[in-house]
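Notes follow once the structure below has been shown.
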Amino acid sequence: MEIKLEKQGRILSGPFEGYFVKLHEDPQWISGYYILLVNDLENPTDGGDDWVKDWEDLEEYVRTYRWEIEWLE
């Protein structure tokens, strides 16, 4: 599965199915990647975030959750 940074995507399968995800690189403060989740783009009522230290961990995170993501343009 292709991983895209700084794009909104909808999780089609796996945990958090139906949620929206955005993967954000933060080289300035602590480095690594943030994983941001919300249940609705217009009016979120649930969500959360996570962090991984490098690209390999980000790939493993997505693989572990078995996410299929539809990237929105």
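The values are calculated or read from the model by the stated rules, or taken from the named source; none is laboratory data. Since the model is a prediction, treat every value here as computed from it, not as a measurement. Glycine also receives a Cβ, built like all others from the backbone with ideal geometry; neighbour counts cover every protein chain displayed. Surface areas here come from the heavy atoms of the whole protein model, side chains and all, with no ligands, DNA or RNA. Shrake-Rupley method; radii C 1.70, N 1.55, O 1.52, S 1.80 Å.
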* **Candidate set: segment 24-47, residues that are assigned to a loop (DSSP other than H, G, I, E, B) and at positive phi; chosen: the one modelled with the highest pLDDT** => GLY32
* Asked: In this structure, does ILE3 turn out to be part of a loop (DSSP other than H, G, I, E, B) and in contact with a strand residue (DSSP E or B) (Cβ under 9 Å, 6 or more places away or on another chain)?
  -> yes
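Where residues in segment 4-25 are touching a helix residue (DSSP H, G or I) at 6+ places or on another chain (Cβ under 8 Å) and either farther than 20 Å from TRP55 by Cα or touching a residue at least 60 places away in the same chain (Cβ under 8 Å) (or both), which of them is most open to solvent (accessible area, probe 1.4 Å)?
Just the residues of segment 4-25 that are touching a helix residue (DSSP H, G or I) at 6+ places or on another chain (Cβ under 8 Å), to begin with: 14-16, 23.
Next, from what is left, pick out any that are either farther than 20 Å from TRP55 by Cα or touching a residue at least 60 places away in the same chain (Cβ under 8 Å) (or both): 14-16.
Details: GLY14: 28, PRO15: 47, PHE16: 87 Å².
For segment 4-25, the residue satisfying everything is PHE16.
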* Six or more apart or on different chains, Cβ under 8 Å: which pairs go from a residue in segment 42-63 that's more than 16 Å from SER31 (Cα to Cα) to one that's in a strand (DSSP E or B) and among the acidic types (Asp, Glu)? Could you list them? => TYR61/ASP50
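Looking for something aromatic (Phe, Trp, Tyr), open to solvent by less than 70 Å² (accessible area, probe 1.4 Å) and under 12 Å from the mean Cα position of the chain (by Cα) - is there at least one such residue anywhere in segment 45-53? Walk me through how you get there before you give the answer.
Narrowing segment 45-53 to residues aromatic (Phe, Trp, Tyr): 51.
Add one more test, that the residue is open to solvent by less than 70 Å² (accessible area, probe 1.4 Å), and what stays is none.
For segment 45-53, residues aromatic (Phe, Trp, Tyr), open to solvent by less than 70 Å² (accessible area, probe 1.4 Å) and under 12 Å from the mean Cα position of the chain (by Cα): absent.
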* Kindly indicate whether LEU72 is in contact (Cβ under 8 Å) with a residue 12 or more places away in the chain, more than 11 Å from the chain's Cα centre (by Cα) and open to solvent by less than 70 Å² (accessible area, probe 1.4 Å). => yes
* Name the single residue, out of those in segment 26-44 being open to solvent by 60 Å² or more (accessible area, probe 1.4 Å) and under 16 Å from TRP71 (Cβ atoms), that is farthest from the chain's Cα centre (by Cα). => LEU41
